[in-house]
1. Name every residue in the range 13-37 that is open to solvent by less than 60 Å² (accessible area, probe 1.4 Å), touching a residue at least 24 places away in the same chain (Cβ under 8 Å) and either within 16 Å of Tyr2 (Cβ to Cβ) or in contact with a Ser or Thr (Cβ under 9 Å, 6 or more places away or on another chain) (or both), in order of residue number.
2. If you go through the range 56-66 one residue at a time, do you hit one that is among the aliphatic types (A, V, I, L, M), open to solvent by less than 100 Å² (accessible area, probe 1.4 Å) and out of contact with any strand residue (DSSP E or B) (no Cβ under 9 Å at 6 or more places or on another chain)?
3. Would you check if Met53 is in a loop (DSSP other than H, G, I, E, B) and open to solvent by less than 90 Å² (accessible area, probe 1.4 Å)?
4. I need the full set of residues from the range 2-50 which are small (Gly, Ala, Ser) and in contact with a Leu (Cβ under 6 Å, 6 or more places away or on another chain), in order please.
5. Check the range 40-52 and report whether any residue there is in contact (Cβ under 8 Å) with a residue 60 or more places away in the chain and touching a helix residue (DSSP H, G or I) at 6+ places or on another chain (Cβ under 6 Å).
6. Among the candidates Gln74, Gln47, single out the residue that is open to solvent by 100 Å² or more (accessible area, probe 1.4 Å) and over 16 Å from the mean Cα position of the chain (by Cα).
7. Can you list residue pairs whose Cβ atoms sit under 7 Å apart, with the first residue in the range 61-87 being closer than 27 Å to Lys43 by Cβ and assigned to a helix (DSSP H, G or I) and the second being open to solvent by less than 100 Å² (accessible area, probe 1.4 Å) and modelled with pLDDT of 70 or more? Count only pairs 6 or more apart in sequence or on different chains.
Amino acid sequence: MYVILVYDFGEKRVGKMLKLCRKYLNWIQNSVFEGEISEVKLKELLQTTRSFMDMDEDSIILFKHQSKVFFDKQVVGKERSSTDIFL
């Protein structure tokens, strides 16, 4: 599946969340990641997140779709990181 993950974490936990998300998805902007991920890997990411997340202060928003094909992405200004891979 294709996901866009957005998070808002407290200052003490934001670095840990950034490092964790980079293992699974492509970083596209501060606190925003996107990419293809299996259901199992997504569950793994969320389970690990719950181990250090403050449920009263932190939040994650997930936008999920079966394929990237149905997303229309428009970047205005400088794109931080391209998700295209050239071989």
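The values are calculated or read from the model by the stated rules, or taken from the named source; none is laboratory data. Since this is a predicted model, take the numbers as computed values, not measurements. Please note: Cβ atoms are built from the backbone with ideal geometry, for glycine as well, and neighbour counts cover all protein chains shown. Keep in mind that these areas ignore ligands, DNA and RNA; they rest on the heavy atoms of the full protein, side chains included. Shrake-Rupley method; radii C 1.70, N 1.55, O 1.52, S 1.80 Å.
1. Across the range 13-37, the qualifying residues are Met17, Leu20, Cys21, Ile28, Val32, Phe33, Glu34, Gly35, Ile37.
2. Among the residues of the range 56-66, not one is among the aliphatic types (A, V, I, L, M), open to solvent by less than 100 Å² (accessible area, probe 1.4 Å) and out of contact with any strand residue (DSSP E or B) (no Cβ under 9 Å at 6 or more places or on another chain), which makes the answer no.
3. Yes.
4. Once the filter is applied, which keeps residues that are small (Gly, Ala, Ser) and in contact with a Leu (Cβ under 6 Å, 6 or more places away or on another chain), the range 2-50 yields only Gly35.
5. The answer is no, given that none of the residues of the range 40-52 is in contact (Cβ under 8 Å) with a residue 60 or more places away in the chain and touching a helix residue (DSSP H, G or I) at 6+ places or on another chain (Cβ under 6 Å).
6. Selected residue: Gln74, the only one of Gln74, Gln47 that is open to solvent by 100 Å² or more (accessible area, probe 1.4 Å) and over 16 Å from the mean Cα position of the chain (by Cα).
7. That search, which allows pairs on different chains as well, returns Lys68/Tyr2.
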